[in-house]
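Right, one structure below, let's go through it.
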Amino acid sequence: MPTQLSVPTVAGGRFSQLTLQNRFAGIHGLSGTSWKGVRLNCGRHRRSGYRGNSVRAVLVRNPPPAERSRGNLENGSARSVGRDDDFSVGRSRNDAVVSSNGNGGAASRRDGLEFRNPSELVATRIEKKQRAKIVGDQESEAEARAALRAANVAEYDPVRLIQRYSKEPLKVLGRALKVTTTLGAFAISVLIDERRGKINENMRKRAKELRERLTFLGPTFVKIGQGLSTRPDLCPPAYLEELAELQDALPTFPDVEAFACIERELGKPMESMYSAITASPIAAASLGQVYKAQLRSTGEIVAVKVQRPYIEEAVALDFYLLRGICGLVDKYVDVVTSDVVALLDEFARRVYQELNYVQEGRNAIRFGQLYGDRPDVLVPGIYWDYVSAKVLTMEWVDGVKLSEQDTITAQGLDIIKLVDIGIQCSLRQLLEHGYFHADPHPGNLLATPDGKLAFLDFGMMSETPPTARFAIIGHVVHLVNRDYEAMARDYYALDFLEPDVDVSPIVPALKNFFDDVLEATVSELNFKTIVDGLGAVLYKYPFNVPAYYALILRSLTVLEGLALYTDPNFKVLAASYPYFAKRLLTDKNPYLRDALIELLFKDGTFRWNRLENLLVQGRKDSEYRASDVLQPVLDLLLGSGGEELRSLVEREAVRVSEALVVGSAIQSYKSVPQPLRDFIDRGNNVIRIKESEEIEMLALREQVLRIWNLLRSTSGFDPASLQPIVEVLRRSEAQAMGGRIAGSITRRLAARALQQLLKQPTPTPTLTS
Ligand SMILES: Nc1ncnc2c1ncn2[C@@H]1O[C@H](COP(=O)(O)OP(=O)(O)OP(=O)(O)O)[C@@H](O)[C@H]1O
């Protein structure tokens, strides 16, 4: 069956080879045939995420023969080429339009050398460093050139918008009519449904209608719809599902315009930059569409994102209009207490930032520096020589969207593991460095064939302020402790409440809600239940939830939602606990150390089970190190100002030592065969101790031994790593404490010995420090 082809004119003149890709029809038989003198190579499109059954064309410029042979030779060593199935169909396998990959080939040869001489090794390291520096310098120069290309990028300025559109009333009126009729018709349909009692029955239909109407209205409304699609607090599930489609199934714009934009923005002809590019986009998103291409200079496979034409004009007019409407709401609608204009301004500023792809490239680099070194996370690199405000060229990521769970499972990948990578990475983003991906919808998360999680789309990033990072961890501790007063106080640190707001009425509300839900342990709780519960509590009080907080909740609920498809019992909090445990056990930040103490010493008693739980959980975290666990705790114990804690620890140390000594004696005594035992104590119980006390002592002994074993068996535990602790123990305070503990234990044991001697039960002595 011959397949219909249409060749974009802009590309038609420039590219002398054309590759067809039929997504599902499997037209491999066409390979090698020609159409109008153009060679055709076809292959089944295997990358998921493509819908429909259309034919995609890849235009490939014929390379000079020398280059072609080099491509053939180096095909195997070209890293990015080998990774991709669909793209390589017309390129490397049949025609090998793979230009030399200078880095790949040379690097592997260099890596293959054997260095025996240490000075040579040092020299190589220095050389590598110098090379890295040169590469770094070149990168920054290329980035600076990209920034120069984006020098005239528009920024959101409401005053300028007013100046601009007050002169164009007809344009404003036309758009206002379009928006009001489109959304008004939807509102009327919903009102009629309500009158007829058919809201639920027609919900799915209306949700679809809303999605279509927002798509029709263009990028600004698509962005609003995307925002709503992640707000279960605002939209019913049917709407959430339909609006989620706005994340990646959007209409495309003509390729001719896209290619013309690339040339205009980068100031060079297409073929001088890319040796191949797909003739139609592989994805269309709200602000741009993405092509797959091959760099002429290195042969690397890249993704080229091109911005929709006239998008700035479109969003500017929409924000001008929406701002006017929000102004009216602020003025006349009393039930709305928030400053709607300010909210819109914040949103508009973010959208404008997303329109500057140089900024997005910078975000990707920063994100990659912070999190890309993790072996299970992939962050695409940026090719600055091919970046401007409207064109972004980045490393191609071969993968499947996390939302396409069947395809992922078919590839033998574990979706829960991938979600867990997402959660661990998100926790680090939110609570460690504070710099986070604020738009982690499933379309922006890809599972790579080797099981990594790739992050895409760095247009919208956000930051958690340092105080809030610690306050969030503290908040979880307070939740575990059911310390509702502390929870309520956390809202000051979290910036939810002004310092002058009285938190006392909030405490019973929190208690009411959490006492019920905490029937289960916190880690068994659904994250969404907690978020919804908090939402319901907070809603009644003068709270102001900062934007970063809503985004944090969103990113974790998105991940939990993804996991729930596969495992209905998945709990994001349980998955997060190892991270919290590791932070609490190892972080030297005073706020977190206090939180740890609060967790471990509740009401003046040491909670061994909590320590054990923290250790069990903490070692599940990939970055947990046993040596880190002890150091901050000891520092805290022995530092100035730790008197109260020291006396608690001393008391506990005595209790534990006694449990170990007496408990071991009990165990040894019990392991002696009865006839021998009779012979030893001649009918009297040598160890005279109350049964309940004995049970408690043995349980404590078991627990302490378990904890010690946990510490010792933690992977990577190296006795040498305890050296700093030995240093701490040498301090005079530690020695003094050790002396006091030993004294107390001796007194307790002496009392017990006396008790045994007199065979009279005596009251347990009170401890003195
Ligand atoms: N580096 C890449 N490698 C492979 N595919 C990519 C890459 N970058 C983007 N894509 C594809 O293009 C789609 C859209 O890209 P992206 O999300 O960056 O665009 P956007 O306009 O910022 O989208 P949004 O509407 O989410 O803001 C992605 O969902 C993905 O399918």
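Whole angstrom only: what separates the Cα centroid of region 547-575 from the Cα centroid of region 304-350? Value for the Cα centre distance between the two parts: 29 Å. For region 464-618, rounded, prolate or oblate, judged on the Cα gyration tensor with a ≥ b ≥ c (square roots of eigenvalues), a/c < 1.5 rounded, else prolate if a/b > b/c? Rounded is the answer for region 464-618, as its axis ratio a/c remains below 1.5.
Expressed as cubic angstrom per residue, what is the convex hull volume of the alpha carbon set of region 356-462? List each step's numbers first, then the result.
Working: hull volume 9.5 nm³, N = 107.
Hull volume normalised by residue count: 89 Å³.
Placing unit charges on the Cβ atoms only, positive for Lys and Arg and negative for Asp and Glu, gives region 174-233 a dipole magnitude near 120 debye about its Cα centre. Packing, as the average of other Cβ atoms within 10 Å across residues, places the peptides 263-276, 157-170 in the order 263-276, 157-170, highest first. With contacts taken as Cα pairs under 8 Å and at least 6 residues apart, region 450-507 reaches a relative contact order of 29 percent. Normalised by the number of residues in region 273-407, the average gap of Cα pairs under 8 Å and 6 or more apart makes the relative contact order 21 percent. Post the alpha-carbon centroid distance, region 496-516 to region 590-619, in whole angstrom. Using only Cα atoms, the two centres lie 24 Å from each other. Against the empirical 2.2 N^0.38 Å (N residues), region 369-425 has a Cα radius of gyration ratio of 1.39. FRET efficiency for the pair Lys620 and Val501, taken as 1/(1 + (r/R0)^6) with r the Cβ-Cβ distance and R0 = 51 Å, rounds to 0.85. Going from the residue with the fewest nearby Cβ atoms within 10 Å to the one with the most, Lys602, Lys452 rank Lys602, Lys452. In order along region 448-461, the Karplus-derived 3J(HN,Hα) couplings, from 6.51 cos²θ - 1.76 cosθ + 1.60 at θ = phi - 60°, round to 8, x, 8, x, 8, 9, 9, 9, 10, 6, 9, x, 10, 10 Hz, and Gly and Pro are given as x. Averaging 1/r over each pair of different alpha-carbon atoms in region 144-260 and inverting the result gives 17.1 Å, the Kirkwood hydrodynamic radius.
Every number here is computed from the coordinates shown, using simple stated rules; none is lab data. Owing to the predicted nature of the structure, the values given are computational and were not obtained by experimental measurement. Because the Cβ atoms are built from the backbone with ideal geometry, glycine has one as well, and the counts that use them run over all protein chains shown.
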